[in-house]
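The values are calculated or read from the model by the stated rules, or taken from the named source; none is laboratory data. Keep in mind it's a predicted model, so treat the numbers as computed, not measured. Note that we place each Cβ from the backbone using ideal geometry, even for glycine, and neighbour counts take in every protein chain shown. Please note that ligands, DNA and RNA were not included when accessible areas were found on the heavy atoms of the full protein model with its side chains. Shrake-Rupley method; radii C 1.70, N 1.55, O 1.52, S 1.80 Å.
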Amino acid sequence: MAHASALTGDHSHSAHDDAHGHPPTSTGLDNKKIAIWAFIGSECMLFASLISTYLIYKGRSVVGPYPHDACLPPQCSTPLKAILNIPITSASTFVLLMSSLAMVLALAAVELKDQPMPSGWWSRRLRSSKLWLWMTALLGITFLGFQAFEFTSFVHEGLTIRTNLFGSSFFTLTGFHGAHVTAGVLWLLTLLAIDYRRGLGPKDAINVDLAALYWHFVDVVWIAIFTLVYLIK
Amino acid sequence: MATTATAPAYAPTESYVGESGIWSWLTTVDHKRIGTLYLFTSLFFFLVGGVEAGMIRAQLAGPNKDLFSADLYNQLFTMHGTTMIFLGVMPLSAAFFNYLIPLQIGARDVAFPRLNAFSYWVFLLGGIFMNFSWIIGAAPNGGWFGYAPLTTMQYSAGLNIDFWVIGLQILGVSSLAAAFNFITTVINMRAPGMNLMRMPMFTWNAFIVQFLLVLAFPVITIALVFLQFDRFFGTNFYTMAAGADPLLWQHLFWIFGHPEVYILILPAFGLVSEIIPTFSRKPIFGYPVMVYATMLIAFLGFGVWAHHMFAVGMGPIGDTVFGVTTMLIAIPTGVKIFNWIFTMWGGSLRFTTAMKFAIGLVALFTIGGISGVMHASPPADLQQTDTYFVVAHFHYVLFGGSMMGIFGGIYYYYPKMTGRLLSEKLGSWHFWLMFIGMNLTFFPMHFSGLMGMPRRIYTYDAGQGWELFNKLSTYGTGILAVGLLIFVWNFFRSYSTGEIAGIVPWGAPTLEWSIPSPPPEYNFARIPKVTSRLPLWDLTAPRLTREVPHTEAGDKRLDVDVASKHTATGHPNPTANAPRQGVEAGMHIERATGRTARELGIPMPNPTIKPLICALGMTIMFTGLLFIHVNRMPLALATMIGGALLMTLSLYAWVLTPLEDAH
Amino acid sequence: MAHDTQHEPHANVDHTAMGITHEHPTWSTYWKVAVVLTLITAVEVWIYYIPSFVASRAFVPSLLIMSAVKFATVVMFYMHLRYDHKLFRALFTAPLIIAIITIVGLLFLFGYFSHRTGALL
């Protein structure tokens, strides 16, 4: 028992070893933020699987409709029209990109809540977290509206999830993305509800940041989908 | 008890006794209780899987036996594999993750205690869901890797595969939720001074496994989603007539499946890396190399998946690449084997039951590893694939590897969990029966396999030279079963009659042994400060840690800092500049005080039923899918919507309730 | 989200360590990034309508590069990885790399490249 005092733990302890309250985290970072980044890493593999499947099955459908001008004269007597609507999807891509802008501005507005407000009327309005959260959510809903329009018009043109490999892999990939956007919209609306109830302040910035990271990730997935599915023929 | 000759006298009544009763278990968010729940549940499922294995061996004991129909046999081997992997070995590992990670890093709980409870309940409900299929007589029958298109509606129209697909989706949620939780816990909940390169090897292995889970499970999720959509909504992912590729499922499955192999074995490696140094009275040989080898195994594990598919004909480039990467993995694995051997070399060995199991792993895993390298060569693999040779191989790595390590871990950590030792005498019987039984069961399979006996056949004709080997395998299973029964007897008997363990029963060097057994709800009354990776040996046997880096100038290179440079300012190490003998300043052994967290003023999370409700809602939602195939569409919709609502509402209630009372 | 009260920032943890760096992007940065993203998207769509460019070998690579630039821009500025703790960078890039290798490996195994370029193998 050379180290008797050590064994009984009979030491005066520094302020850091505080039994009353939580010790600071090892990295000084927030737990939730680490978890959401790990989650986003996991989502990379989820969408990688979906995107690979779409690309593997591209051009392997045995019946139409096909995504791009798959069959033109002289090969086919009646040309098969490309089903993907690039102008509409470009618009929805733009909408989603702008929703990311609104999202960062919402986060910045929350972070700056306790800073003195600027003087101009416009500048004051632009510092409203409610404005930007609403903007983000509405742009997300607009994107979903575009997707609903796209899906219904495809069904009218004879492409359903059962029609061919393109239909199955396209609807599943973009549907999964749409489901992620929907979840993001619900998350934003929840934040808005909290904002209306008690106001979001700088101490809530971490929770808004989590939603923002998720939202931007869904946006970058769309950036990849737009190129790989819509633009590359 | 060799080291701490004067370990404090232990009186069980002194220790903190938590609330008991069913409700306290249903609402618990304590990582130790959740770990205990995982342990009991997965041991139960392990026994179920064992009974299935026994039935398989009974059927194959001799040629042309007809104990079971071919269809029932298909269900037996499918459920044996699925149960052992997803309901046995993985959650057994999870039991140790839960119990040990916070204790080993000096934390009071995991990062998200309620998410942890959710993971357990999802696992339990998923396991019940999967096994419920037995009751309605439609257990999964497509093999544990459920190859599509065999598992599509065209070839498997019954509910069997529905149970399998949905069950795996449910279990996947559990594993993923737990993985995010443990990643955050290890990164962020370490005690002051517990640098990454001071974490115990078990925690390191567990940490790396979480990344494998996080990256591998989404892939199987998507493969299963495709299968689900094919089966329930008529998509074409696995419909050959629509131009689908029969290899899509195989590739996606094995991109998950091979990391899964490391998910199954690395936790056992971690346990063995705790057991061997303790019973050799030596720090582990080459600690940093062990860490890097584990990382390398995990990374390479994502680049070898197609070696499960050499027989499909991927062409020379694919075969070569996957053959070479597979052989490369043998290098870090070999490093680990040799490091364990060098740890034992020159140590003062004590052959406790835990140590016997650990050495059993080293020996038996090596045999399985060697047959694994044989499969890495595509021409050799073509002879072996889908034969009993492969069955022998993976039982050597999974039974001889994972299960030996897990049993070692149970003998080693039982005293920490219960305060009592398992009987060493019964343990010795358990070990030897299991060791002999396991070799007698699986070694002959190498021969029957090379003589051409295919996997998954429900019976075989006489005169092919397989009778003797199958007979031996069946006898071996009988011996295994006896060993297992002895273990179960030992496990339950020792709970009330085992020898009192005390704080440091084995003289181990890591933090979990510095607190009472079983630990109080708050684990550490005072958060320890760590100055080396063998803190208890610094206290009790400093001679053993002479070679181990401590917090001193010159050791910086070992303190790999994935966090920021600012960590140092956030966490001044109290003994940073003290001479080595100053380590006592940071470490201490806590005696049982019998005081509650409230008395000590330690904030602890409140118990809550919400994670269980949320898990239940999710399981109900998935169950609704089943009704589609019995043509009860309104019922299916009602169940799915009801389950989804229950899940969402309880999730909101959970998220909007603070974790703990304000102090 | 789930555990608001568990780890309130402590007074002794400075903001730098909390991951909120002083080199924070400003509002004007956010707007500039949005303009850049819009411009790249416009170019992507524009070249899609130039048949001679679509037929050329440069079409697919240029689309991939532009999309990668957009991807990286959003991740660096909007997800503020550029300004944030390097731990987050590791947690994101490692899985991303494994995901990309997996996609490329799968496409190779399914003959996507040989089937499209005709002569890779």
Each label point is 7 Å from the Cα along the Cα-to-Cβ direction; what then is the distance between the points at A:Leu186 and B:Arg598, in nm?
3.6
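For the range B:361-433, how big is the tail of P(r) above 15 Å, as a whole percent of Cα pairs? Please report the intermediate quantities before stating the final value.
Working: 1622 of 2628 pairs.
So the portion of pairs separated by more than 15 Å is 62 percent.
Could you sort C:Phe108, B:Phe237, B:Phe622 by accessible area so the largest value comes first, with the probe set to 1.4 Å? Let's see the in-between values first.
Working: C:Phe108 75, B:Phe237 0, B:Phe622 35 Å².
In descending accessible area the options line up as C:Phe108, B:Phe622, B:Phe237.
Can you give the Rg to Rh ratio of the range B:606-663, both from alpha-carbon atoms, with Rh computed by the Kirkwood formula? The partial results should precede the final answer.
Values: Rg = 14.5 Å, Rh = 12.2 Å.
When Rh is taken as the Kirkwood radius, the ratio is 1.19.
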Using only the alpha carbons, work out the radius of gyration and Dmax of the protein assembly as shown in angstrom.
29.1, 96
Please compare each pair in B:Lys282/B:Lys471; B:Lys356/B:Lys471; A:Lys130/A:Lys233; B:Lys336/C:Lys70; A:Lys113/B:Lys32; A:Lys130/C:Lys32 to a cut-off of 32 Å on the Cα-Cα distance and tell me which ones are over it.
B:Lys282/B:Lys471; A:Lys130/A:Lys233; B:Lys336/C:Lys70; A:Lys113/B:Lys32
What does the charge dipole of chain B about its Cα centre add up to, to the nearest 20 debye, if the Cβ of each Lys and Arg holds +1 and the Cβ of each Asp and Glu holds -1?
1140
Would you list B:Trp537, B:Trp134, B:Trp506 from the most to the least accessible area, probe 1.4 Å?
B:Trp134, B:Trp506, B:Trp537
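Let a ≥ b ≥ c be the square roots of the eigenvalues of the Cα gyration tensor of the range B:68-164; is it rounded (a/c under 1.5), or, if not, prolate (a/b larger than b/c) or oblate? Working shown, then result.
Values: a/c = 3.02, a/b = 2.70, b/c = 1.12.
Prolate shape, in that a/c is at least 1.5 and a/b is the bigger ratio.
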Could you give log10 I(q)/I(0) at q = 0.22, 0.24 Å⁻¹ for the range B:400-508, computed by the Debye formula over C-alpha point scatterers of equal weight, without solvent?
-1.10, -1.23
With a 1.4 Å probe and all protein chains kept in place, how do B:Thr278, A:Thr152, A:Thr160 rank by accessible area, largest first?
A:Thr152, A:Thr160, B:Thr278
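Please give the length that would be gained between A:Ile88 and A:Lys203 if that part of the chain were fully extended, namely 0.36 nm times their separation in residues minus their C-alpha to C-alpha distance (nm, one decimal). The partial results should precede the final answer.
Details: separation 115, 0.36 × 115 = 41.40 nm, distance 3.97 nm.
Extending this stretch completely gives an extra 37.4 nm.
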Dipole of the protein assembly as shown, positive end: most advanced residue of A:Val181, A:Pro116, B:Val630 [Cβ charges, Cα centre]:
A:Pro116
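Would you calculate the volume per residue, in Å³, of the smallest convex hull containing every Cα atom of chain B? Write down the numbers at each step before the final one.
Working: hull volume 105.3 nm³, N = 663.
In chain B, the Cα convex hull volume per residue is 159 Å³.
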With angles folded into 0 to 90 degrees, how steeply does helix B:404-418 sit against the dominant principal axis of chain B? Use alpha carbons for both and round to 10.
40
Taking H placed 1.01 Å from N in the peptide plane, check which residues at least 5 places from B:Thr387 or on another chain put their amide H under 5 Å from its amide H.
B:Arg455
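Take peptide B:366-378, look around each residue's Cβ out to 10 angstrom, count Cβ atoms belonging to other protein chains, and average those counts. Before the final figure, lay out each step's value.
Numbers: counts 0, 0, 0, 0, 0, 0, 0, 0, 0, 0, 0, 0, 0.
Taking the mean over all residues of the peptide, I get 0.
Can you give the calculated 222 nm mean residue ellipticity of chain B, where each DSSP H run of n ≥ 4 adds -39,500 (n - 2.57) and the sum is split over every residue, rounded to the nearest 500 deg cm²/dmol?
Details: 21 runs with 397 residues, N = 663.
Per the formula, -20500 deg cm²/dmol.
Starting from the exponent 0.38 and prefactor 2.2 Å, build the expected Rg for the range B:4-163 from its residue count and divide its actual Cα Rg by it.
Details: Rg = 20.4 Å, N = 160, 2.2 N^0.38 = 15.1 Å.
Working it through for the range B:4-163, the quotient is 1.35.
To the nearest whole percent, what portion of all C-alpha pairs in the range C:18-84 is separated by more than 14 angstrom?
On the way: 1425 of 2211 pairs.
Here the long-distance tail beyond 14 Å is 64 percent of all Cα pairs in the range C:18-84.
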Between B:Ala644 and B:Leu468, the FRET efficiency computed from the C-beta separation at R0 = 45 Å comes out, to the nearest 0.05, as 0.20
Taking 22 Å as R0, compute the FRET efficiency from the Cβ-Cβ separation of B:Phe40 and B:Trp432 and round it to 0.05.
0.30
Would you pull out the residues with amide H under 5 Å of B:Arg420's amide H, same chain only if 5 or more places away, H placed 1.01 Å from N?
B:Ala501
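Sequence gap at least 6, Cα distance under 8 Å: using those rules, report the relative contact order of chain B to the nearest whole percent. Don't jump to the answer; show the numbers that get you there.
Numbers: 1116 pairs, mean separation 127.4, N = 663.
It rounds to 19 percent for chain B.
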Compute the helix-to-body angle for B:610-628: its Cα long axis versus the longest principal axis of chain B, expressed 0 to 90° and rounded to tens.
10
Cα-projected label distance for B:Arg632 with C:Ile50, points at 7 Å along beta-carbon direction, nm:
6.2
Distance in nm between pseudo-label sites at B:Val289 and C:Ile100 (7 Å out along the Cβ direction from Cα)
3.3
Semi-axes of the range A:29-231 from the Cα gyration tensor (sqrt of 5 times each eigenvalue, largest first, whole Å) come to 39, 18, 12
Starting at the first residue of the range A:169-174, write each ³J(HN,Hα) from the Karplus equation 6.51 cos²θ - 1.76 cosθ + 1.60 with θ = phi - 60°, in whole Hz, x for Gly and Pro.
6, 5, 5, 5, 4, 6
Taking each pair of different alpha-carbon atoms in the range A:169-233 once, compute 1/r for the pair, average those values, and report the inverse of that mean as the Kirkwood hydrodynamic radius in Å to one decimal.
13.3
